[in-house]
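Worksheet for the structure shown next.
The values are calculated or read from the model by the stated rules, or taken from the named source; none is laboratory data. Because the structure is a prediction, the values reported are computed rather than measured. When the accessible area is computed, the model is the full protein with side chains, heavy atoms only, and any ligands, DNA or RNA have been set aside. Shrake-Rupley method; radii C 1.70, N 1.55, O 1.52, S 1.80 Å.
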Amino acid sequence: EYGRGVSENQEEAENWYRMAAERGNSDAKWKIDKIEEEKAEAIEEAKRRNMLIGKYGDKVGQDIYKGKVWVGMTKEQLLYSRGKPSNISDGSERQIYRYGKNVGDRGGVTYKLEFTVKNDIVKSWKEN
């Protein structure tokens, strides 16, 4: 796996772990489970990336996948880019989507990022 004295080869390392796991080695079994979990996560991430590119085109889809935000993006794009916000303030004409909740020593709440959304379009954002 780490290539001590030889070149690193993940596929070969996985084969060795599988052989050891088949012989009852619990550490190898744990490592195989971890490898399978990482492969499944990579497949899901690729699906998400491909979905975003299919929906928004290559550049915008890639930017959303990378977590980028910009004024003029849609609320849907913001949610794909940043995920579920920590808090939403829903006013009559605009909503504030807040991310990264911080609770101060005296109990006051602040947020790292705030996005102002009006008519489902990001109008502004700020970092605190």
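As a check on your grasp of the helix formula, calculate [θ] at 222 nm for the chain: sum -39500 (n - 2.57) over DSSP H runs of n ≥ 4, divide by the residue count, round to the nearest 500.
Here the helix-only value at 222 nm equals -15500 deg cm²/dmol.
With contacts defined as alpha carbon pairs under 8 Å and 6 or more residues apart, what's the relative contact order of the range 1-62 in percent? List each step's numbers first, then the result.
Working: 34 pairs, mean separation 10.0, N = 62.
After rounding, I find 16 percent.
Give me the three principal axis extents of the range 44-128 from the C-alpha atoms, as integers in angstrom, largest value leading.
Projected onto the principal axes, the Cα atoms of the range 44-128 cover 45, 29, 16 Å.
Return the sequence-ordered ³J(HN,Hα) values of the range 12-29 in whole Hz as given by the Karplus equation 6.51 cos²θ - 1.76 cosθ + 1.60 applied to θ = phi - 60°, using x for Gly and Pro.
Values, residue by residue: 5, 4, 4, 4, 5, 4, 4, 4, 5, 5, 4, 8, x, 6, 5, 5, 5, 4 Hz.
Determine the per residue accessible area of the range 25-104 with all protein chains present and a 1.4 angstrom probe, expressed in square angstrom. Don't skip to the answer; put the middle values down first.
Values: 5240 Å² over 80 residues.
It amounts to 65 Å² per residue over the range 25-104.
Semi-axes of the equivalent ellipsoid of the range 1-105: what are they in whole Å, largest first, if each equals the square root of 5 times a C-alpha gyration tensor eigenvalue?
Values: eigenvalues 351, 72, 30 Å².
Rounded to whole Å, the semi-axes are 42, 19, 12.
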